Structure formats: structure tokens, C-alpha cells
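Below is one structure, written out as C-alpha cells, with a few remarks after it.
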Amino acid sequence: MSYRPIVNKVTEASNNDKDGLYEFMVNMEDGTQTRVFYQRYPEWKLTNISRLLRNPCPICRKDFICKCMDNFTADIHNQLIEGQFLEHAATK
Ligand SMILES: [Zn+2]
């Protein structure tokens, strides 16, 4: 599998700061859009990821729900942490 998602843009979609629950819209450089859920405490933890259905999946080419992005949660998480996307997106 040669596909690798490259995080391009992150925006906060919703949050429950009290409980440390966050929802981010994460756009990849290839146009793939995902919705990513995080638990902030004690440290940022990716709890769920789903691909928006506006574009076909870049991996399996389906235009309906698939689980391909689940294979990249660690990679995407690392990019979000290293790029400090989460801190920026979660701070207004
Ligand atoms: Zn897929």
C-alpha cells in the first residue's frame, strides 16, 4: 500500500472542554477529508476517525463508508501532534 495521508489543514468542529472531548475536521493534501475524534486528557488520544463521503476513498476508491483510514490513525495522530495542529485548532 503506497498511499500515505498528509495532513494539510485542521479545524475544530466541536468540543466539550470540560470532558476533554474534541472533534476535528482534518483535510489531507490529496483532498481527502476526515472527521477525527479526540480525548484530550491525560494526553491527546485519537478515539475515532471517519472519512467524509464527499470524495471517493483514496485507497479503495469506494464512495461509501470504508475502514481504510483506520489503518492510518497512528500516522495521522503523529502528524497532528508533531505539527501542533491540535493545540492550534483547540485554542481560539
Ligand atoms: Zn477505503
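Scanning segment 1-33 for residues that are in contact with a helix residue (DSSP H, G or I) (Cβ under 8 Å, 6 or more places away or on another chain) and in a strand (DSSP E or B), we see that the one that is farthest from residue 64 (Cα to Cα) is 15. Within segment 34-92, the set of residues being polar (S, T, N, Q), in a loop (DSSP other than H, G, I, E, B) and farther than 20 Å from residue 19 by Cβ comprises 55, 84. If you go through segment 48-63 and keep only what is within 11 Å of residue 3 (Cβ to Cβ) and hydrophobic (A, V, I, L, M, F, W, C), you end up with 57, 59, 60. Test residue 28 against the criterion of being within 16 Å of the ligand (Cβ to nearest atom) and closer than 16 Å to residue 85 by Cα, and give yes or no. In short, yes.
With respect to (1) out of contact with any Lys or Arg (no Cβ under 6 Å at 6 or more places or on another chain); (2) more than 11 Å from the ligand (Cβ to nearest atom), the lone exception for residue 61 is condition (2). Taking the criterion of being hydrophobic (A, V, I, L, M, F, W, C) and either surrounded by fewer than 15 Cβ atoms within 10 Å (Cβ to Cβ) or more than 19 Å from residue 72 (Cα to Cα) (or both), the residues of segment 1-49 that qualify are 1, 6, 13, 21.
The numbers here are math on the coordinates, done by the rules we state, and not lab data. Predicted model only: the values in this text are computed from it and were never measured. Heads up, the Cβs are rebuilt from the backbone with ideal geometry, glycines too, and the neighbour counts pull from every protein chain shown.
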